[in-house]
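Below: the structure, in structure tokens.
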Amino acid sequence: MPRVDNDIKLDFKDVLIRPKRSTLKTRADASRFRLSHGRQHDGTNHNVNLQRSFLFRNSGQEYTGIPVMAANMDTVGTFDMAKALGKHSMFTCIHKHYPVEEWREFAGQNKDILQYIAASSGTGQGDLSKLCAILEAVPDIRYICVDVANGYSEHFVEFVREVRKKFPQHTIMAGNVVTGEMVEELVLSGADIIKVGIGPGSVCTTRKKTGVGYPQLSAVIECADAAHGLGGHIISDGGCTCPGDVAKAFGAGADFVMCGGMLAGHTESGGEIVEKNGRKMKLFYGMSSATAMKKHAGGVAEYRASEGKTVEIEYRGDVEVTIQDILGGLRSTCTYVGAGKLKELSRRTTFIRVTQQLNEIFTPFTKEH
Ligand code: 5GP
């Protein structure tokens, strides 16, 4: 007989973060908590410290930065995106389709940014040899992102073990999964940071095509608990539609938050701008959408078991504006709950279940977001 888990599982849209009384009066007041290098990396004048430092369990490597990251999609995780995010000590998982030669060129011109990027790999034929070629061409890359649709297969776990054996000192991100037992298995197999999320993505159709998935907020809460118990870390991957969702993911215990759609459609996102009815548009698509498959000629087929979709979104200009929106929102969240730094956010978060997020009365008349 099929089992039904009657516990309610929550998504970002089901909760809000309760504000908390604190001794911090203003954002400026929080400045005394700021690490001395906070402002220098961040380049802004706000004072809540969004930098985090981690020591990774299996690689033994250390990280310091703002743990918001660009997804390894070819319309998001580009070299240009890495340059823009790197200025803020934010992270980019570079998509797996750049030729080794372009990697060499990028690395030669952008040596300081390399600490904030990962090279991505699937588990398909040729993926591992390409990854090896990239890491050989650019030895300063310290992160590897192994990404498959279904992180539950034995083949995937074996692949992670193999990568760990080949690269004992690289920090390995691996996913995607949504349950604690699989997080533990991957951490014990050599991964440092587990990617969490099945089905929440803006251009993902897994839930529709397969009926499989897990509400993202609950997935993050449960997976963070499992990972942290073993000294591992997690990335909340997918489902963030606004800065408030990014804050909720951190509040739920995510160490990193990965964004696709929120960073798509910008100058740095790759692809052409096309003009339609006087509006500038850009194409954004899932990495297993028909568009991606066509573009990469069969090289993507095994990336996601289920199809992704293709959308045309309005061109949003330089990503810098969106970065400020995300970081500004996060700082404000911290201030509302009395967290002087991002590290304290999850400790100070109480989620309240809600039936409504926004007052939509003027939505049809909105001129800017
Ligand atoms: P977003 O931030 O746009 O909501 O989600 C981004 C995430 O969606 C990516 O990091 C990746 O995990 C997932 N994703 C990207 N392309 C596809 C796809 O074609 N199919 C599925 N199922 N997921 C995708």
Tell me, what is the per residue accessible area of the range 52-201 in Å², probe radius 1.4 Å? 35 Å²
Cα-Cα pairs above 13 Å in the range 199-243: how many percent? 59 percent
With a Förster distance of 30 angstrom and the Cβ-Cβ distance between Thr350 and Leu188, calculated FRET efficiency to the nearest 0.05 equals 0.40
Extreme residue, positive dipole direction of the chain, given options Val4, Thr366, Leu135 (C-beta unit charges): Thr366
Which is farthest toward the positive dipole end of the range 77-220 among Phe159, Ile172, Pro99, measuring Cα position about the Cα centre, with Cβ charges +1 (Lys, Arg) and -1 (Asp, Glu)? Pro99
Within the range 45-101: Cβ-based charge dipole about Cα centre, in debye rounded to nearest 20 (Lys, Arg +1; Asp, Glu -1): 180 debye
Treat each spin label as a single point 7 Å out from the Cα along the C-beta direction, and report the Cys242 to Arg18 distance in nm. 2.2 nm
Keeping every protein chain in place, order His95, His155 by accessible area at 1.4 Å, biggest value first, i.e. largest first. His155, His95
Charges on Cβ only, +1 for Lys and Arg, -1 for Asp and Glu, centred on the Cα centroid of the chain; of Cys223, Phe250, Thr355, which one is farthest towards the dipole's positive end? Thr355
Based on Cβ point charges of +1 for Lys and Arg and -1 for Asp and Glu, what charge dipole magnitude is obtained for the chain about its Cα centre, in debye rounded to the nearest 20? 1060 debye
May I ask you to give the percent of accessible area on the range 89-146 that is carbon plus sulfur, with a probe radius of 1.4 Å? 46 percent
Just tell me the longest site-free run in the chain, where the sites are GluC sites (Glu not before Pro) in a DSSP loop having at most 11 other beta-carbon atoms within 10 Å. 1-271
Binned at 10 Å from 0, what are the whole-percent values of the Cα-Cα distance distribution for the chain, short to long? 5, 24, 36, 26, 9, 1
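The values are calculated or read from the model by the stated rules, or taken from the named source; none is laboratory data. Bear in mind the structure is a predicted one, so any value in this text is a computation, not a measurement. Using ideal geometry, Cβ is built from the backbone for each residue, glycine included, and neighbour counts are taken over all protein chains shown. What goes into the accessible areas is simple: the full protein's heavy atoms, side chains included, and nothing from ligands, DNA or RNA. Shrake-Rupley method; radii C 1.70, N 1.55, O 1.52, S 1.80 Å.
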